[in-house]
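One structure is given here, and the rest of the page talks about it.
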Amino acid sequence: MEAETAPLVSNDAIVMGLLAVLLGAVFWTSNSQIRFFKIFYRIFPPLLLCYFLPSMLNTFGVVDPDQSQLYFVSSRYLLPAALVLLTMSADLPATFKLGPKALIMFLTGTIGVVIGGPAALLIASAVVPDLIGVDGPEAVWRGMTTVAGSWIGGGANQAAMYEVFEVGDEIFSAWVAVDVIVANVWMAFLLLAASNSAAIDKRVGSDTRAVDHLRVKAEAYESEHARIPELKDMMFILAIGFGAVAASHLLADQLAPYFGQFEALSDMSLSSGFFWLVLTATAIGVVLSFSPARKLVAVGSMKTGSVFIYILVASIGMNMDVTAIARNPEFFAIGFIWIAFHAGLMIVMALIIKAPTFFLAVGSQANIGGAASAPVVASAFHPSLAPVGVLLAVVGYILGTAAATLTGEILRVIAGA
């Protein structure tokens, strides 16, 4: 049995090589003058392919992400380095002037998750009555609480729901698959929206002046100071990026256990090392953005951070196996109804307040994907906008456990438990 399910490639050095080749192929073809590729990439943005193609390695059994450390390395080492480099390269005073619409869209997304889960369970139970009316560790509603935690914050909040609602291991595993696949499918739609944001915003009549001003100002700063990088410049970039990673891990290793001593703070996910890793890396980047280090954008600090982000994207995509849908179709039906409710609420709110597509996409992903992918979606609009995704994701971590607990209690009532 093990021989049948063993992946073709288990060596992470080879897996990393495969991901690098896929990323290189996407960038080569997306810049090709061949007519087919020019038409193809008008429809599908390169970033979407960078996340979708690695998922095929999992789907067809070439790699097994559960046996690979690439996502862990990408999220714990490359992500904080990218956050520092992207944040320190950004014009943060202009970023903070984007206005309240970003926060409104984020909170709308949170409400969409809180209400959407119970609504999806009610709708699905009308077709499959066995989904409710039963309880126990393997009850469907208990597994859904872990998705709520993941979709309003991230892994730390998901783990909290696993403990709070005493979720059984089997149902938890099933909903992890739902979480990963549904979230990544939705992320694909957000990336498509990012590539067509100008047309969407024009049609809706969204006020994009603040976002456009920030993007143009960042591009002007980079082009004004641009020069050919020397070896010392690249070493400075790596020194700052990974020096900040070391400092972030050092502080996270101290802060997480300290706050874990207090139950109330632990319930807010302040005992999560990853939370403090993201928060500390972001804070370091904010401080550096007001220092001479920001001038490194002229020699590629933002591009280096973007390279790390793309490696993270590939490792995230590698975790998706689309064949899992066939194993628990009713759970995936609930998941897609759930995300549709979240998306619908956000679209309605965006139309009401005429929010730019950027605020919708990043506000949603800061909920659904957290710090690991919110800056990815933000960077799809422009690398200088990545800090917006990071800052909103931090808010998600803080709100996640409380909002997910509320979702769980509503699900408990609906299930009659």
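Would you tally the net charge around SER32, using a Cβ to Cβ cut-off of less than 14 Å, leaving SER32 out, and scoring K and R as +1, D and E as -1?
Numbers: positive: ARG35, LYS38, ARG42; negative: none.
Net local charge, SER32 excluded: +3.
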Alpha carbon centroid spacing (whole Å) that separates the stretch 9-70 from the stretch 380-404
26 Å
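Give, rounded to the nearest 20 debye, the magnitude of the charge dipole that the chain has about its Cα centre when Lys and Arg contribute +1 at Cβ and Asp and Glu contribute -1 at Cβ. Write down the numbers at each step before the final one.
Numbers: 20 positive and 28 negative charges, 412 e Å.
Charge dipole of the chain: 1980 debye, to the nearest 20.
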What's the FRET efficiency of THR5 with ARG42 using the Cβ-Cβ distance as r and R₀ = 45 Å, to the nearest 0.05?
0.70
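Kyte-Doolittle mean at least 1.0 and Cα extent at least 30 Å along the axis: which DSSP H helices of the chain qualify? Spell out each step's value before the answer.
Working: long enough: 101-127 (38 Å, 1.86); 169-195 (39 Å, 1.57); 231-260 (43 Å, 1.09); 329-353 (36 Å, 2.04); 386-415 (39 Å, 1.66).
Flagged H segments are 101-127, 169-195, 231-260, 329-353, 386-415.
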Given the Cα-Cα distance of GLU163 and ARG203 and 0.36 nm per residue of separation, how much length would full extension add, in nm?
9.8 nm
Cα centroid separation - the stretch 269-338 against the stretch 168-201, whole Å:
14 Å
So for the pair PHE72, ILE398, with labels modelled 7 Å out along Cα→Cβ, what separation do we get in nm?
3.1 nm
Taking Cα atoms of the chain, Rg/Rh with Kirkwood Rh, to two decimals?
0.96
Treat each spin label as a single point 7 Å out from the Cα along the C-beta direction, and report the VAL128 to TYR258 distance in nm.
4.7 nm
Which FRET efficiency value, to the nearest 0.05, is calculated for THR323 and GLU224 with the Förster distance at 45 angstrom and r the Cβ-Cβ distance?
0.35
If only Cα atoms are counted, what is the Rg of the stretch 97-161, and what is its Dmax, in Å?
14.8, 50
Please arrange VAL134, VAL376 by how many other C-beta atoms lie within 10 Å of their C-beta, fewest to most.
VAL134, VAL376
At R0 = 25 Å, FRET efficiency that the Cβ-Cβ distance of LYS217 and SER291 yields, to 0.05:
0.85
Where labels lie 7 Å past Cα in the beta-carbon direction, separation of PHE236 and GLU409 in nm:
5.4 nm
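Please arrange LYS232, LYS303 by counting, for each residue, the other beta carbons lying within 10 Å of its beta carbon, fewest first.
Numbers: LYS232 9, LYS303 15.
Fewest to most other Cβ atoms nearby, the residues stand as LYS232, LYS303.
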Put +1 on the Cβ of each Lys and Arg and -1 on the Cβ of each Asp and Glu in the stretch 71-415; which of ALA324, VAL180, LEU288 then has its Cα farthest toward the positive end of the dipole?
LEU288
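Ranked highest first by average number of other Cβ atoms within 10 Å, how do 31-41, 238-248 line up?
Values: 31-41: 11.3, 238-248: 18.4.
With the highest mean Cβ count within 10 Å placed first, the list reads 238-248, 31-41.
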For the stretch 71-415, the charge dipole (Cβ of Lys, Arg +1; Cβ of Asp, Glu -1; about the Cα centre) points to a positive end, and the Cα of ALA252, VAL394, ILE228 closest to that extreme belongs to ILE228
Identify all lysines with a Cα-Cα distance to LYS101 below 21 Å; exclude those on the same chain that are fewer than 8 residues away in sequence.
LYS202, LYS217, LYS354
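None of the figures in this text is laboratory data; all of them are computed from the coordinates on show. Remember, it's a predicted structure, so these values are computed and weren't measured experimentally. Note: ideal-geometry Cβ built from the backbone for every residue, glycine included; neighbour counts use all protein chains shown.
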